[in-house]
Amino acid sequence: MLPSVDEVMRREELQALVAREGHAATIEAARGYLAQLRAEIASGRLDERGLQAAVETAADEIERRLREDLAYSLRPVINATGVILHTNLGRAPLSRAALERVAEIARGYCNLEFDLVTGERGKRDGHVDRLFAKIFGDVGREVATIVVNNNAAAVLLALNALAEGGEVIVSRGELVEIGGSFRIPDVMAKSGAVLREVGTTNRTRIADYEQAINDQTKLLLRVHRSNFAITGFTEQPSLEALATLGREHNIPVMEDLGSGDIFDLRSVGVQGEPTIAASLRAGVDVVTFSGDKLLGGSQAGLITGSRELVAKVRGNPFFRALRVDKMFYAALEATLLAYLREDYDAIPALRMLRLTEEAIGERAEHLMRKLQISNPRLEVEVVGSNSVIGGGSAPGSTLPTRVLAIASPDLSADAIAQRLRAWATPIIARVEDGRVLLDLRTVEPGQDAVIAEALESLSN
């Protein structure tokens, strides 16, 4: 009773699908559906009557499979977790100007590596190097910046270019591991440099670095503890002391800052997160950082510092393998121009950082009142909570916020969270103490209505 693929494909409904979606995709969906029926027959789950019904509705099922197969897997979601730089959700959202700039540059040709004045080949770095030079214009020296595809690549490239075959001195308290099992010792090994640990987990002194220096030392490395903090009985030399030691021995000092903070977080009550400018002022020769964390731009790894050393890194063969395309530069250029204009609210991640608890609370209460009318069975409350910066930035620091706490006599908190994730635009929330928490700090105001609609549907 099971028809052949050819029989199914000759049906009029399937011919319409072929015209719309293509022959290859349609025949693959048809084969998949018939294979499913064959397996169900073999396992005894499908009898003669059931098979007859399944064959009659084959066109509808094949069309459904096609929709799933040809649908986008990468989808926009609403981040209601309160984690601003949520790595699993794509970290920093791009600004409107960055999106428009990417679309404008990507849709045609551009002068990525073409000098419009001389008519000769140019360097792609110049599009953002000139802007970083202005942003860091007050650090007391000229700096250069190059771009690779992420900060891990920036660290790997800089270590290989500056220290291959030699020793790199780093404190034991900075041998960090970040997401995806990215470990500093492993990156060091891949770069061709030799790790030289000094000090202890909690205490490292400048004398420890000095005693470890030898003829093989090529670099002093400081690594920002991006996702944890050491407190209590601790000691760490200042960047100024480390830079002075490096100059005395003619050894460059490099700092992996990771998060890439240009905006001073002290203005929003977050202490202890170092800025790139502060590191450069302290005398650090090379700083590596991310583009899609606190910078608020596209994914990128930035290498900023001494023009001589950055030129050496750029000349490394790995640079070409790790460089980025025109869309990265377009997004970064638009983001950096917002910094130069001091238009911080134009950068979504910085705007979210600057939101007050009161402003977030007002939105949450408005949503609560709406839900109390539209879905009275929901138990809705606005309560105090904390947002986090995320993305390995400012470990231990939080931002006070007000969240919508949702519960239902009909559904568990996990079931509500699952229903929200299944919404047309998936809504990602937190579950704590038997309630679903939605933090509007990380939700664009225009998305409040989508959340309300999804929560109203929970009564259905």
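The values are calculated or read from the model by the stated rules, or taken from the named source; none is laboratory data. Given the structure is predicted, the values throughout are model-derived calculations rather than measurements. Every residue, glycine among them, receives a Cβ derived from its backbone with ideal geometry; neighbour counts consider all protein chains shown.
Table for the structure above
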quantity	calculated
Every pair of residues 6+ apart whose Cβ atoms lie under 9 Å, when the first sits in region 388-414 and is among the polar types (S, T, N, Q) while the second is surrounded by fewer than 17 Cβ atoms within 10 Å (Cβ to Cβ) and assigned to a strand (DSSP E or B)	Thr398/Asn386; Thr401/Gly384; Thr401/Asn386; Ser408/Glu379
Single unsatisfied condition, Gly396 versus (1) surrounded by fewer than 14 Cβ atoms within 10 Å (Cβ to Cβ); (2) part of a helix (DSSP H, G or I); (3) within 22 Å of the chain's Cα centre (by Cα)	(2)
Test result for Val388, over 28 Å from Pro93 (Cα atoms) and buried (at least 18 other Cβ atoms within 10 Å of the Cβ)	no
Residues located in region 67-97, provided they are free of Cβ contacts under 8 Å to residues at least 60 places away in the same chain and in contact with a Pro (Cβ under 6 Å, 6 or more places away or on another chain)	none
Count of residues meeting criterion [modelled with pLDDT under 95 and part of a helix (DSSP H, G or I)] in region 240-267	3
Set Glu248, Glu308, Glu235: member being in the same structural domain as Asp125 (by TED's automatic domain parsing), in contact with a Lys or Arg (Cβ under 6 Å, 6 or more places away or on another chain) and surrounded by fewer than 23 Cβ atoms within 10 Å (Cβ to Cβ)	Glu235
Qualifying residue in region 412-429 (condition: under 16 Å from Gln447 (Cβ atoms), modelled with pLDDT under 95 and not charged (D, E, K, R))	yes
Qualifying residue in region 268-275 (condition: part of a helix (DSSP H, G or I) and in contact (Cβ under 8 Å) with a residue 60 or more places away in the chain)	yes
Region 65-93, residues that are aliphatic (A, V, I, L, M), in a loop (DSSP other than H, G, I, E, B) and more than 27 Å from Arg435 (Cβ to Cβ)	Ala71, Leu74, Ala92
Only one of Leu156, Leu195, Leu162 that is modelled with pLDDT of 90 or more and assigned to a strand (DSSP E or B)	Leu195
Residues of region 25-52 satisfying the condition of being farther than 14 Å from Ser4 by Cα and among the small types (Gly, Ala, Ser)	Ala25, Ala39, Ala42, Ser43, Gly44, Gly50
Condition met for Leu89 (at pLDDT 95 or above, under 25 Å from Gly392 (Cβ atoms) and not assigned by TED's automatic domain parsing to the domain that holds Ile276)	yes
Subset of region 346-378 [exposed (fewer than 13 other Cβ atoms within 10 Å of the Cβ) and at pLDDT below 95]	Gln372, Ile373, Pro376, Arg377
Test result for Val55, over 30 Å from Ala334 (Cα atoms), out of contact with any Lys or Arg (no Cβ under 7 Å at 6 or more places or on another chain) and either assigned to a loop (DSSP other than H, G, I, E, B) or touching a residue at least 40 places away in the same chain (Cβ under 8 Å) (or both)	yes
Test for Leu411: is it in contact with a Gly (Cβ under 9 Å, 6 or more places away or on another chain) and outside any helix (DSSP H, G or I)	no
First in region 132-152 and buried (at least 19 other Cβ atoms within 10 Å of the Cβ), second anywhere and assigned to a strand (DSSP E or B) and among the acidic types (Asp, Glu), Cβ under 8 Å, 6 or more apart	Asn151/Asp256
Only listed residue being under 17 Å from the mean Cα position of the chain (by Cα) and crowded, with 17+ Cβ neighbours inside 10 Å, chosen from Ala58, Ala54, Ala92, Ala97	Ala92
Single residue of region 425-447 satisfying the filter (under 16 Å from Ala405 (Cβ atoms) and of a type in the set (D, E, K, R)) that is surrounded by the most Cβ atoms within 10 Å (Cβ to Cβ)	Arg441
Check on Arg141, in a loop (DSSP other than H, G, I, E, B) and not β-branched (Val, Ile, Thr)	yes
Out of Ala405, Ala449, sole residue that is out of contact with any helix residue (DSSP H, G or I) (no Cβ under 7 Å at 6 or more places or on another chain) and outside any strand (DSSP E or B)	Ala449
